[in-house]
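A.B. asks: Structure below; questions to follow.
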Amino acid sequence: MSIEQAGKKDKKNDGRDLFQKHLKDAPVMQIFKELSLVKGHTRLLVLVAHGFIELLVNALVNHHLKNSKKVTSDVRSYPHSTKILLLNELGIIEDSQYKVFDWFRKLRNKAAHQPIFQVTKNELKNISSPEKYREPDNFYDLCIELIGGFWNQHIPIFGTKFAPGLGGENDESDGI
C-alpha cells in the first residue's frame, strides 16, 4: 500500500471514528444506555422510559405548535396528558399511539405513587401486538419498542435534536 493510499484510508477511518464518536455522545444513545441501566427494575424502567417519551413529546410540541413555549413551560395547565391529546387531535400521533401513550402515562402514575408496584399481565393485556409484549418479563423490550418506534416515526425532527451530527444540516441539539 502506498503512502497516498494509506492517507486515504486514514481519512476514511477518521470519518468513521468521528461518526462513532458522534453516535456514542448523541443524547439518543444516552437514552438507551439509561434504559439498559434500569432494565431489571420495573418501577425505574417505567419512570425512565416515560421521562424520555415526555422529552420526545415536548420536542414534537415545540416543532408543531405555534405557542409551543407556553405549552411546554406551563406543566400545570398543559400536563403530558394534554400534550399527547393535542398531538393526536392535530394528527401528529395516531389514535393507537395516543392510547398506548395514555396507558403508559397512567402506568407511570402508578409507579410514581404506589408503594408496591409491579407490571402485571393484566396491565399488559391490551397491548395489541406483538403478543410477547403482554408478558411482564418482556416489559423492557416493550419500553424499547415504544421509544424506538416513536423515534423512527419522527426521525427528521428527533434526529436533528437528539442525534447531533447524525441528523442532517440543521442540527439543533441542546442536550437532554
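The values are calculated or read from the model by the stated rules, or taken from the named source; none is laboratory data. In this text the structure is predicted, and so the values were computed from the model without any measurement. With ideal geometry, Cβ positions are generated from the backbone for all residues, glycine too; neighbour counts draw on all protein chains shown.
A.B. asks: Test Ala163 against the stated conditions and say whether it is modelled with pLDDT under 90, surrounded by 13 or more Cβ atoms within 10 Å (Cβ to Cβ) and among the small types (Gly, Ala, Ser).
C.D. replies: yes
A.B. asks: Say we look at the stretch 65-104 and pick out the residues that are within 15 Å of Phe150 (Cβ to Cβ) and polar (S, T, N, Q); which of these is surrounded by the fewest Cβ atoms within 10 Å (Cβ to Cβ)? Steps first, answer last, please.
C.D. replies: As a first pass, look at the stretch 65-104 and keep what is within 15 Å of Phe150 (Cβ to Cβ): 80, 83-84, 87-88, 92-104.
Add one more test, that the residue is polar (S, T, N, Q), and what stays is 88, 96-97.
On the way: Asn88: 18, Ser96: 10, Gln97: 17.
My answer is Ser96.
A.B. asks: Which pairs have Cβ atoms under 8 Å, sit 6 or more apart or on different chains, and link a residue in the stretch 100-119 that is within 17 Å of Lys39 (Cα to Cα) to one that is among the aromatic types (Phe, Trp, Tyr)?
C.D. replies: Ala111/Phe117; Val119/Phe139
A.B. asks: If you don't mind, there's one more thing I want to ask. Assess whether Lys83 counts as being under 16 Å from the mean Cα position of the chain (by Cα) and of a type outside the set (Phe, Trp, Tyr).
C.D. replies: Yes.
A.B. asks: Being surrounded by 18 or more Cβ atoms within 10 Å (Cβ to Cβ) and either under 19 Å from the mean Cα position of the chain (by Cα) or modelled with pLDDT of 90 or more (or both) narrows it down to one of Ile116, Ile53, so name that one.
C.D. replies: Residue meeting the stated conditions: Ile53.
A.B. asks: Taking Ala111, is it among the small types (Gly, Ala, Ser), buried (at least 16 other Cβ atoms within 10 Å of the Cβ) and farther than 15 Å from His154 by Cβ?
C.D. replies: Against the criterion (among the small types (Gly, Ala, Ser), buried (at least 16 other Cβ atoms within 10 Å of the Cβ) and farther than 15 Å from His154 by Cβ), Ala111 qualifies.
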